[in-house]
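Asker: One structure coming up, written as structure tokens, with questions to follow.
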Amino acid sequence: MPADATAPLWAPSAARAEASTLRRFADVASHLHDLDDFRYEAVHRWSVDHPDEFWSTVWHFTGVVGDAGERVVDPAPDLWRARYFPDARLNFAENLLRRHDDTPALLFAREDGARRTLTWVELHALVARVQRALRAAGVTAGDRVAAWMPNGPEVYALMLAAAGLGAVFSSCSPDFGTRGVLDRFGQIEPVVLVAVDGYHYDGRVFDCLERLREITADLPTVRAVVVHGYVDAAPDLAGVPGAVAWDEWLGDEPAGAVELVPLPFDHPLYVLYSSGTTGLPKCIVHRAGGILLKHLVEHRLHCDVQPGDRVFYFTTTGWMMWNWLASGLASEATLVLYDGIPTADGGRVLWDLADELGITLFGTSAKFLDACRQLGLRPVDTHHLGTVRTITSTGSPLVPEGFEYVYDAIKRDVHLASISGGTDLCGCLVAGDPTGPVWAGEIQRPGLGMAIDVLDDAGNGLPPGEAGELVCTAPFPSMPLGFWDDPGDARYRAAYFERFPGIWHQGDFARWTEHGGVVIQGRSDATLNPGGVRIGTAEIYRQVEAIDVVVESLVIGQHWQDDVRVVLFVVLRAGSVLTEELVVEIRRRIRQGASPRHVPARVIAVTDLPRTRSGKLTELAVRDVVEGRPVKNAEALANPEALDQFRDLEELQS
């Protein structure tokens, strides 16, 4: 049912807002720094105007394990060279392993019904055994440890073991093909590679061993190839020269204590990768202290994660939300892991898990919520969801109808936090506010400690309602250390700091709202320019995907007769046909709901749309195909074959 645009969809009760971690943090800040206004706007302004006070308070309030040192911020003329806690010493893994008891640390569920629980004590023991094996392989601080693994307990233990020793961790999900893995791991030269024999997805079992043989042949720096029997408890490794089974690699000796080496705040922790659809993926190096502090702020203050909570995010190890989820351990929360298709059991599987395992934070994507809506699911009628306090959504903009669906069909008293950031910062630029109202279609607030603005092409700040470039005008702790193998930071500076010199440019097209929130209208490089006027793709998707027979859509700008025309591709429900009447209805909806400039010149039905392995539609790859340009890295796509139907379309020749 449509929402009243003059009223928020939800607001916390006074008692809930007062009991939130964010409100307790503001109370501490008021005592330490004379902050006398607990409203989010005031806390955010203080966090940006006084970053030394804010981040120091975060360190002590969240109980970071380590020595903070004397200095909080070491400024620099170039924003990307600024440093936080330059004298600090800490260990990322130590902060995630601060509990050591018999309560669950990891709750694992697989699509085929497999279940597993690891307590904190058991997790410590597994990490210690993995560390012993890594040490035997000669791993030392700075070495790269790579995982080609699904979202199961072993990959968390491997990451924590590597981080404890100061090694750099990097992961890809097992659905990545040979070229996709080599394009990533081949750049960073790992010394240890841990993989699985196969994985489950959509009722099928997929083998990994043949691809693993090809991958290891092209990774000459790897000294140890380890295979976890994920599908077969005793996989046949004869076809992978030098490979050893996980259990054999760990050995039978009892585990000792986890080794936790004190390291600088800026010690490299992760290498994450850009999607790679416009060339080789960028290898983004993230610092341990920056990731820890940023995620503590997002989990505890923005999402109100508390010790003992059960935090879930549907993700693979190839998406930054896996790293975000892993940091939930630092808040002493139990992580709920799922591996498989999210729409199993008619779309019920994740909602079933929420009830079965008592999930408190349910993290998902806008696409999943839309898929539930398309399936006609109403968890509010079929599930209890009594423990779910927060639902987070990211990956693509959540349209107002998606917000309304959550409150109508999933749960009425829940904090829906639409969030947006990126692999680039492994965190959020704009996020949720558990103490404030939720308005349809809006991300509630700029992130704490983030000096967010929306600029026009000339670099001027824009008022609410006017769309422009989303930027951050001041440094923040989780800025990347840089890109791998990037002398002089040339590619790093070009990626984020050249569009607006000295300012972090995220590459999102956005606008402020009158409520102080933000609406993301699409990626800047995918914005449309008909008649020289920039418009966001999200505005078109909102109108088109409200039409019942449209399952999904993708829009591009095609160069045509010295201008750009809007081309819309639609995937229709089975049995539906793109009639002239439907095209007229699509154009009418877009004209009335967006503007005449948004109306597509061509509407074309296709059977599938290309997407990255994290599930994001890739407008740029389709645009390249339509314009006759090669797609530089189709291996980055989960379904590159979908691109074939966009080649040489007759409808686009006139």
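The values are calculated or read from the model by the stated rules, or taken from the named source; none is laboratory data. A quick note: this is a predicted structure, and the numbers were derived from the prediction, not measured. Cβ coordinates were reconstructed from backbone atoms using ideal geometry, including for glycine residues, and neighbour counts include every protein chain displayed.
Asker: Step by step: first the residues of the stretch 589-618, then only those that are in a helix (DSSP H, G or I) and closer than 25 Å to L375 by Cα, then the one that is farthest from the chain's Cα centre (by Cα). Which residue is that?
Answerer: The initial filter retains those residues of the stretch 589-618 that are in a helix (DSSP H, G or I), namely 589-593, 596-598.
Filter once more, so that each one left must be closer than 25 Å to L375 by Cα: 589-590, 593.
Values: R589: 31, I590: 29, G593: 29 Å.
By that ranking, first place goes to R589.
Asker: Could you tell me which residue of the stretch 357-409 is farthest from W10 (Cα to Cα), considering only residues that are hydroxyl-bearing (S, T, Y) and either in contact with a Pro (Cβ under 9 Å, 6 or more places away or on another chain) or in a loop (DSSP other than H, G, I, E, B) (or both)? Walk me through how you get there before you give the answer.
Answerer: In the first step, residues of the stretch 357-409 are kept if they are hydroxyl-bearing (S, T, Y); the result is 360, 364-365, 382, 387, 390, 392-394, 396, 405, 407.
After this cut, where a residue has to be either in contact with a Pro (Cβ under 9 Å, 6 or more places away or on another chain) or in a loop (DSSP other than H, G, I, E, B) (or both) as well, the list is 360, 364-365, 387, 390, 396.
Working: T360: 17, T364: 19, S365: 20, T387: 17, T390: 12, S396: 21 Å.
Residue satisfying both the conditions and the ranking: S396.
Asker: Which residue is nearest to the chain's Cα centre (by Cα), if the candidates are limited to the stretch 278-316 and must be under 30 Å from G142 (Cβ atoms) and in a loop (DSSP other than H, G, I, E, B)?
Answerer: So, considering only residues that are under 30 Å from G142 (Cβ atoms) and in a loop (DSSP other than H, G, I, E, B), the one nearest to the chain's Cα centre (by Cα) is T315.
Asker: Could you look through the stretch 79-104, keep only residues that are out of contact with any Pro (no Cβ under 9 Å at 6 or more places or on another chain) and of a type outside the set (D, E, K, R), and pick out the one that is nearest to P501 (Cα to Cα)?
Answerer: If we filter the stretch 79-104 for residues that are out of contact with any Pro (no Cβ under 9 Å at 6 or more places or on another chain), which is where we start, we get 92-93, 95-98, 100-104.
Cutting the leftovers down to of a type outside the set (D, E, K, R) gives us 92-93, 95-97, 100, 103-104.
On the way: F92: 32, A93: 36, N95: 36, L96: 36, L97: 40, H100: 47, T103: 49, P104: 47 Å.
Here the residue is F92.
Asker: What are the residues in the stretch 605-652 that are in contact with a Phe, Trp or Tyr (Cβ under 8 Å, 6 or more places away or on another chain) and within 30 Å of E580 (Cβ to Cβ), if any?
Answerer: A605, V606, L609, V622, V625, V626, F646
Asker: I would also like to ask the following. So which strands (runs of 3 or more DSSP E) are wholly in the stretch 443-557 and hold at least 3 residues that are touching a His at 6+ places or on another chain (Cβ under 9 Å), outside the structural domain of D608 (by TED's automatic domain parsing) and buried (at least 17 other Cβ atoms within 10 Å of the Cβ)?
Answerer: Details: elements: 452-455, 468-472, 504-512, 518-523.
Counting at least 3 such residues, we get 468-472.
Asker: Of all residues in the stretch 615-630, how many are out of contact with any Ser or Thr (no Cβ under 7 Å at 6 or more places or on another chain) and either surrounded by 18 or more Cβ atoms within 10 Å (Cβ to Cβ) or of a type in the set (S, T, Y) (or both)? Walk me through how you get there before you give the answer.
Answerer: Of the stretch 615-630, the ones out of contact with any Ser or Thr (no Cβ under 7 Å at 6 or more places or on another chain) are 617, 622-630.
Checking the rest, the ones that are also either surrounded by 18 or more Cβ atoms within 10 Å (Cβ to Cβ) or of a type in the set (S, T, Y) (or both) come to 617, 622-626.
Residues flagged as out of contact with any Ser or Thr (no Cβ under 7 Å at 6 or more places or on another chain) and either surrounded by 18 or more Cβ atoms within 10 Å (Cβ to Cβ) or of a type in the set (S, T, Y) (or both) within the stretch 615-630 amount to 6.
Asker: Taking A93 as the residue in question, decide whether it is within 29 Å of D266 (Cα to Cα) and part of a strand (DSSP E or B).
Answerer: So A93 fails the test.
Asker: Checking the condition at pLDDT 95 or above and within 30 Å of P437 (Cα to Cα), which residue from G516, G536, G593 passes? Let's see the steps before the verdict.
Answerer: Values: G536 fails: at pLDDT 95 or above; G593 fails: at pLDDT 95 or above.
None of the other options fit; the residue is G516.
Asker: Moving to a separate point now. If the requirement is being in contact with a helix residue (DSSP H, G or I) (Cβ under 8 Å, 6 or more places away or on another chain), farther than 30 Å from Y199 by Cβ and of a type outside the set (D, E), which of these qualifies: R98, R116, R89? Can you show your working first?
Answerer: On the way: R116 fails: farther than 30 Å from Y199 by Cβ; R89 fails: in contact with a helix residue (DSSP H, G or I) (Cβ under 8 Å, 6 or more places away or on another chain).
So the residue among R98, R116, R89 that is in contact with a helix residue (DSSP H, G or I) (Cβ under 8 Å, 6 or more places away or on another chain), farther than 30 Å from Y199 by Cβ and of a type outside the set (D, E) is R98.
Asker: Let me ask you something else. Take the stretch 402-441 and flag every residue that is surrounded by fewer than 24 Cβ atoms within 10 Å (Cβ to Cβ) and among the charged types (D, E, K, R).
Answerer: E404, D408, K411, R412, D413, D424
Asker: Sort through V227, V181 and tell me the only one that's in contact with a Cys (Cβ under 9 Å, 6 or more places away or on another chain), part of a strand (DSSP E or B) and farther than 21 Å from H267 by Cα. Steps first, please.
Answerer: Working: V181 fails: part of a strand (DSSP E or B).
Residue meeting the stated conditions: V227.
Asker: Additional query: For R144, are the conditions met, namely being among the basic types (K, R) and closer than 22 Å to F265 by Cβ? Give the steps one after another, and end with the answer.
Answerer: Numbers: among the basic types (K, R): yes; closer than 22 Å to F265 by Cβ: yes.
Yes, satisfied.
Asker: Scanning for something at pLDDT 95 or above and farther than 16 Å from F169 by Cα, does the stretch 272-286 turn up at least one residue?
Answerer: Step one: filter the stretch 272-286 for residues at pLDDT 95 or above, giving 272, 283-286.
Keeping just the survivors that are farther than 16 Å from F169 by Cα gives none.
Checking the stretch 272-286: not a single residue is at pLDDT 95 or above and farther than 16 Å from F169 by Cα.
Asker: Within the stretch 200-218, work out how many residues are under 17 Å from T178 (Cβ atoms) and touching a residue at least 60 places away in the same chain (Cβ under 8 Å).
Answerer: As a first pass, look at the stretch 200-218 and keep what is under 17 Å from T178 (Cβ atoms): 206-218.
Then drop every residue that is not touching a residue at least 60 places away in the same chain (Cβ under 8 Å), which leaves 208, 212, 215.
Matching residues across the stretch 200-218 total 3.
Asker: Out of (1) closer than 28 Å to R310 by Cβ; (2) in contact (Cβ under 8 Å) with a residue 40 or more places away in the chain; (3) charged (D, E, K, R), the odd one out for D101 is which?
Answerer: Unmet for D101, out of (1) closer than 28 Å to R310 by Cβ; (2) in contact (Cβ under 8 Å) with a residue 40 or more places away in the chain; (3) charged (D, E, K, R): (2).
Asker: Condition first: surrounded by 14 or more Cβ atoms within 10 Å (Cβ to Cβ) and within 26 Å of R611 (Cα to Cα). Can you find one or more residues in the stretch 215-229 that meet it?
Answerer: yes
Asker: Also, I was wondering about something else. Can you name the residue in the stretch 88-111 that is among the acidic types (D, E) and surrounded by 13 or more Cβ atoms within 10 Å (Cβ to Cβ) and, of all such residues, is nearest to S56 (Cα to Cα)? I'd like the intermediate steps shown before the answer.
Answerer: If we filter the stretch 88-111 for residues that are among the acidic types (D, E), which is where we start, we get 94, 101-102, 111.
Still in the list and also surrounded by 13 or more Cβ atoms within 10 Å (Cβ to Cβ): 94, 111.
Numbers: E94: 19, E111: 42 Å.
Looking at residues that are among the acidic types (D, E) and surrounded by 13 or more Cβ atoms within 10 Å (Cβ to Cβ), I get E94.
Asker: Any residue in the stretch 55-76 that is assigned by TED's automatic domain parsing to the domain that holds T390, outside any helix (DSSP H, G or I), modelled with pLDDT under 95 and touching a strand residue (DSSP E or B) at 6+ places or on another chain (Cβ under 8 Å)?
Answerer: Of all residues in the stretch 55-76, those assigned by TED's automatic domain parsing to the domain that holds T390 come to 55-76.
Still in the list and also outside any helix (DSSP H, G or I): 62-76.
Then drop every residue that is not modelled with pLDDT under 95, which leaves 75-76.
Imposing the further condition that a residue be touching a strand residue (DSSP E or B) at 6+ places or on another chain (Cβ under 8 Å) reduces the set to 76.
Taking every residue of the stretch 55-76 in turn, at least one turns out to be assigned by TED's automatic domain parsing to the domain that holds T390, outside any helix (DSSP H, G or I), modelled with pLDDT under 95 and touching a strand residue (DSSP E or B) at 6+ places or on another chain (Cβ under 8 Å).
Asker: OK, next. Out of curiosity, is L107 at pLDDT 95 or above and among the aliphatic types (A, V, I, L, M)? It would help to see each step written out before you state the result.
Answerer: Working: at pLDDT 95 or above: yes; among the aliphatic types (A, V, I, L, M): yes.
So L107 passes the test.
Asker: Select from the stretch 343-365 the residues that are modelled with pLDDT under 95 and either closer than 18 Å to W322 by Cβ or touching a Lys or Arg at 6+ places or on another chain (Cβ under 6 Å) (or both) and list them in ascending order.
Answerer: S365
Asker: Name the one entry in V380, V349, V336, V388 that is within 22 Å of I443 (Cα to Cα) and either out of contact with any Ser or Thr (no Cβ under 7 Å at 6 or more places or on another chain) or free of Cβ contacts under 8 Å to residues at least 40 places away in the same chain (or both). Write out each step before concluding.
Answerer: Values: V380 fails: within 22 Å of I443 (Cα to Cα); V349 fails: within 22 Å of I443 (Cα to Cα); V336 fails: within 22 Å of I443 (Cα to Cα).
None of the others qualify; the one that does is V388.
Asker: Let me ask another. Checking R389 against (1) surrounded by 20 or more Cβ atoms within 10 Å (Cβ to Cβ); (2) in contact with a helix residue (DSSP H, G or I) (Cβ under 8 Å, 6 or more places away or on another chain); (3) modelled with pLDDT of 95 or more, which single condition isn't satisfied?
Answerer: (2)
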